[in-house]
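These notes concern the structure reproduced below.
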Amino acid sequence: MARVEMKKPSQCTAGPVTSASIRGPLNVLQMIAASCYGPTGRLKHLHNGSGGYVITTSQSSALLSGLSVSHPVLQLLVSSIRNHVSYFNDGGLFAVILCCNLIDRCLTLPLSPHKVITINKRLLHMCLSYLTSEECACKLKVDFSCNSSFFDLTRSVLSSKPACMLTIKEVDYITILIVKAFLFKVPLESRSSMILGRTVMLPIEGLSVMESTLVPGVLIEMPGSSWNRILALSDLPPTNIKLALFSISMSGDFSNTGDGSVDVMDSVDPEQVMLEQLLALGKQLVDGHVHVLLCQKVIHPSLMRYLKEQKILAVERLGAALMEPLSRMTGAQSIASLSSLSSACYGSLGQISKMSHGNKKYLHLIPSDTSVCSFLLCNRNETSLKELVRVCQTAEHTLNHLLKDPWLLLGGGCTETHLAAYVRYKNANIHSSHLEGQNCSVAEYKLVSDCFSSCLESAARSLEHDGGDILTDLQDGHFWSIPPNSTLDFNCIETGQKCGCQLFGKGDDMEWSMLGSAHKAFSPRSSTDVSPLLMNKKPLVVDSFTAKYNGLKVAVDTAGLILDLAYVIKDEN
């Protein structure tokens, strides 16, 4: 007899953000992100309790995907930042640090959450408006007539992840390769509907980073057995090789019927019928003068033998990630059916050759005219190689965004401290007439404004991991990290000291203040005063404008959403 259990009532938690159960984990999340931030960030070793895959990283994409959080509030925060990282591939740590700091500090303010959220939105709009304005002095325009901006951005991304274990020489070498790959896939002719090419990254473990290389076209790794059985390439035409690309299984098995069933007549042999269909398809390829067949899945041995007899090169078990680049490079449509083929589905290649790199062997598909290339990325061990692949993908994404928003932000903590100085200055002498419709007093507005600025400064301060002191100059509001106990006399800072973004060097006439301490509000110099200093400054530490701009927005919006939570209702059934 079946037993019916009564439904359990939903669990309702009031004030979820103020409870001790969330404040502790929130601070832990903030400390994890802050300790990973920047070129001297500490690495994290992620693994689950039952063993399995282990990740050593300081990158937000790997951290956030490897973290397992159970509290609904933390799930909301992590999900929001993951969504940002999935699109921009950068700025995740900054967004986590700022969001966690805002939640934690705003909860200590003697104001209602609604009032704090409203003021924070106004402050966010102030920052975003400033960043997009012509007077903004913490951004620089990308000059597409030279490659220095591309190199600065790529070098900054690579240098920020110590788990790659790169020397300065190796950073410069990989930077050149990434910029070359980026320029290679940008179409020569500008059109209204411009489509970027693709870079296919192929990691090789055990080789020196300096053995990495860039190859036009697509490389398909061939196992030793397949390498020996492969058709002699001399049997193929020297140029304009016709190609067919299949995304289905060609092994002769039935496709997934779901919950349905297949009725087979007694006189019918399904395997023989499928084989005949496959061989008929092979004959169609022969009649269409197709010389290469690439299949994402398995090819039936009889079909493979027939194709070889007809001098058609057939390659099976292609990685799913290769299908889109192959389609783009060759012009072939991905065929997903065994029905009658159209000649419009076929693509073409310029040449095919064999290539070896290290202990791996590749079939090299060389295009006639394309913007697809393969990046053979080498590193000494598995951990550093996987981190390098992730970092190179991040650098590639940030370069792509330059085509839409050709701006960079000054890095090394200088943008955050500069923004904080700007916000403090704009709100230092604010009048009640400026707050119409805000439903708050000047004192309340300044209280939240100071909290907002402190959170920006705290994000910048997270870059220091070795006990150094953090200063800001009272002229430009930049970030200066100095050795411990050097703040007793600001003028004793060594002459060669530079700010975080490397734009400014220490001058005798500069005024200093400890970052976050009380100082007179000042207006940072405008872009017209700073722009001449950007000339011939190499290299600079820079950040992606698009990623940080959106990261700032996501952090403040997510913090506001969480601060506004009154209840968490959890269904226990």
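Could you do me a favour and compute the accessible area per residue for segment 512-573, 1.4 Å probe, result in Å²? Intermediate values should be presented prior to the final figure.
On the way: 3240 Å² over 62 residues.
Ligands and nucleic acids excluded, the figure is 52 Å² per residue.
Pop the C-beta distance of R380 and V69 into the FRET formula with R0 = 56 Å and round what comes out to the nearest 0.05. If you can, show how the numbers build up before the last one.
Working: r = 33 Å, r/R0 = 0.59.
Result of the calculation: an efficiency of 0.95.
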Relative intensity, log₁₀ I(q)/I(0), of segment 293-396 from a Debye sum that treats every alpha carbon as a point, q = 0.14, 0.15, 0.17, 0.22 Å⁻¹: -0.73, -0.82, -1.01, -1.42
Which listed pairs, of K141/K506; K185/K404; K169/K360; K169/K498; K121/K498; K386/K498, have C-alpha distances above 27 Å, in listed order: K121/K498; K386/K498
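With a probe of 1.4 Å, find how much accessible area segment 319-451 has per residue, and write the answer as a whole number in Å².
Numbers: 5300 Å² over 133 residues.
Heavy-atom accessible area per residue stands at 40 Å².
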Residues whose placed amide H lies under 5 Å from that of K44, excluding near-sequence neighbours: T57, S58
Per-residue ³J(HN,Hα) for segment 33-48, Karplus 6.51 cos²θ - 1.76 cosθ + 1.60, θ = phi - 60°, Hz, x for Gly and Pro: 5, 5, 6, 8, 6, x, x, 9, x, 8, 7, 10, 10, 9, 7, 9
Phi-based couplings in Hz for segment 103-110 (Karplus 6.51, -1.76, 1.60; Gly and Pro marked x): 4, 5, 6, 5, 5, 8, 6, x
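How large, in percent, is the carbon and sulfur part of the accessible surface of the chain at a probe radius of 1.4 Å? Please report the intermediate quantities before stating the final value.
On the way: 14470 of 27650 Å².
Answer for the chain: carbon and sulfur cover 52 percent of the accessible area.
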Karplus (6.51, -1.76, 1.60) ³J(HN,Hα), θ = phi - 60°, over segment 460-467, in Hz, Gly and Pro reported as x: 5, 5, 5, 6, 8, 10, 10, x
Distance in nm between pseudo-label sites at R23 and E511 (7 Å out along the Cβ direction from Cα): 3.7
Matching label, mean projected area of the Cα convex hull in nm² computed from the structure shown, candidates (i) 47.3; (ii) 42.5; (iii) 36.4: (iii)
Tail weight of P(r) past 21 Å, computed on alpha-carbon pairs of segment 29-99, percent: 21
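The values are calculated or read from the model by the stated rules, or taken from the named source; none is laboratory data. Everything numeric in this text was worked out from a predicted model, so none of it was measured. Heads up, the Cβs are rebuilt from the backbone with ideal geometry, glycines too, and the neighbour counts pull from every protein chain shown. Heavy atoms of the whole protein, side chains included, go into the accessibility calculation; ligands, DNA and RNA do not. Shrake-Rupley method; radii C 1.70, N 1.55, O 1.52, S 1.80 Å.
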